[in-house]
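For reference, the structure discussed in these notes is given below.
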Amino acid sequence: MHAELVAGVHWTGFLDWAVRDFHGYRTERGSTYNAYLVCDTQTALIDTVKAPYGPELLARAARVVSLDQINYVVCNHAEPDHSGAMPEVLAACPNAVVVCNAKCREALGRHFDTTAWRFRIVKDGETLSLGTRTLQFFDTPMVHWPESMATYLVEAQILFSMDAFGQHVATARRFDDELPVDLILAEAKTYYANIVMPYGRQVQATLKRLTALPIRMVAPSHGVIWRSHIGRILSAYNEWAVCKPAAKVVVFFSTMWGSTRQMAESIANGAMAGSVDVRLLDLAAVHDTDLVPEIMDCACLAAGTATLNMGMMPRMAAALTYLRGLRPTGKAGVAFGSFGWASKSMDDVQATFADMQVKALEPALTVKYRPDRAVLDQCRALGGRLADYARTTGA
Ligand code: FEO
């Protein structure tokens with residue numbers, strides 16, 4: 001398959017229909033590793049693909065130009081899903097110079113033997129003329145690695161945004177108006193929450209700089225290219241960058257013999273009676289990849305776990321560890337759960353909340369062994385208070 005963004009700018013990436021695990025991120029729709037060929041008096045390849053898929057990239061590029069006519073290989077990001085095929089590409093493109101920033105050169109040197117590579121190191125804002133077309137480079141540090149960079153094709157107003165605005169989806173379609181936009185936005189949200197969320201402050205700074213440019217297309221490194229819904233993805237990023245809360249309560253839990261489940265269901269029922277959006281997520285059935293975007297835009301959360309071996313249930317421990325690393329901001333929460341002879345797991349949940357700067361709304365709600373009607377009434381009442389909080393805090 002072939003796609004041309006505008007005359008002389010070609011997609012030369014790889015569709016990874018089969019990938020289901022991306023360093024822990026469950027990619028149910030597969031992914032793409034996008035690379036782009038910009039043709040002019042001189043030719044630049046923008047990024048490569050994951051290591052096994054170099055031959056496909058080279059075959060696509062060779063349908064457009066002879067590989068010895070590729071003058072530059074821009075490396076926006078050293079993570080191996082984009083740089084893995086770089087050695088193979090450079091071996092096949094004998095006249096290519098690697099264009100990247102100084103941090104990226106250092107990172108590439110840690111991943112590969114770069115002693116024979118030729119580099120052109122570019123600074124933030126620097127331009128590179130290809131003849132009638134100009135590439136301009138913008139550092140986007142920590143969006144989401146230190147060396148991350150975006151490349152702007154000035155005349156065509158195309159922003160090659162690297163991971164930002166990407167989606168893990170494999171599709172024969174290349175553009176945002178060729179698929180249901182809600183599907184793409186949902187995948188972009190999941191992508192943002194699982195990959196970019198820890199760096200919201202840097203995202204805000206990057207958005208401010210890059211959106212000052214005239215942009216006709218945003219071409220990320222994963223998923224489809226934005227050309228018809230640019231306003232929607234930029235507006236969504238503005239909200240995600242600050243984890244903007246909706247009037248939404250998320251109740252997630254890990255149960256042992258059903259007591260914590262009963263509590264969770266009662267909390268959720270109480271919250272639903274409060275006319276807010278509610279998610280009830282059993283960690284036995286919900287992958288962390290899908291939990292995180294729900295947390296990102298909630299106003300408050302309730303985390304329930306039984307006590308196992310004086311600690312949290314393993315699924316809750318894993319989910320909170322993952323969540324803590326992704327650093328959602330501005331959330332409030334409460335812990336709940338059942339225990340047999342010691343409620344130590346509540347200490348663990350609350351300590352993790354404290355690490356995450358989740359505001360403790362009230363003390364943990366616990367029950368020994370099984371909740372009776374009175375405890376379930378307390379749970380429903382707690383759900384109602386969470387709904388009140390979400391309604392007054394969320395948009
Ligand atoms: Fe798609 Fe950060 O690599």
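The values are calculated or read from the model by the stated rules, or taken from the named source; none is laboratory data. Small disclaimer: the values here were computed from a predicted structure and weren't measured. Here Cβ is always computed from backbone atoms with ideal geometry, including for glycine, and neighbour counts include all displayed protein chains. Each accessible area value is taken on the protein alone, full model and side chains, heavy atoms only, with ligands, DNA and RNA left out. Shrake-Rupley method; radii C 1.70, N 1.55, O 1.52, S 1.80 Å.
Among the residues making up the stretch 363-378, those that are open to solvent by less than 100 Å² (accessible area, probe 1.4 Å), in contact with a Phe, Trp or Tyr (Cβ under 8 Å, 6 or more places away or on another chain) and free of Cβ contacts under 8 Å to residues at least 40 places away in the same chain are Ala364, Thr366. Being more than 16 Å from the ligand (Cβ to nearest atom), within 30 Å of His10 (Cα to Cα) and open to solvent by less than 10 Å² (accessible area, probe 1.4 Å) holds for only one residue in Ile233, Ile225, and it is Ile233.
Test Thr32 against the stated conditions and say whether it is of a type in the set (Ser, Thr, Tyr), open to solvent by less than 20 Å² (accessible area, probe 1.4 Å) and either within 15 Å of the ligand (Cβ to nearest atom) or part of a loop (DSSP other than H, G, I, E, B) (or both). It is true that Thr32 is of a type in the set (Ser, Thr, Tyr), open to solvent by less than 20 Å² (accessible area, probe 1.4 Å) and either within 15 Å of the ligand (Cβ to nearest atom) or part of a loop (DSSP other than H, G, I, E, B) (or both).
Among the helices (runs of 4 or more DSSP H) lying completely within the stretch 38-124, list those that include at least 3 residues that are more than 16 Å from the ligand (Cβ to nearest atom) and either of a type outside the set (Asp, Glu) or modelled with pLDDT of 95 or more (or both).
The helices (runs of 4 or more DSSP H) meeting that bar are 54-62, 86-92, 102-111.
Based on this model, can you work out whether Arg174 counts as out of contact with any Pro (no Cβ under 8 Å at 6 or more places or on another chain), touching a residue at least 60 places away in the same chain (Cβ under 8 Å) and over 30 Å from Met356 (Cα atoms)? Here the answer is yes, as Arg174 does meet what is asked.
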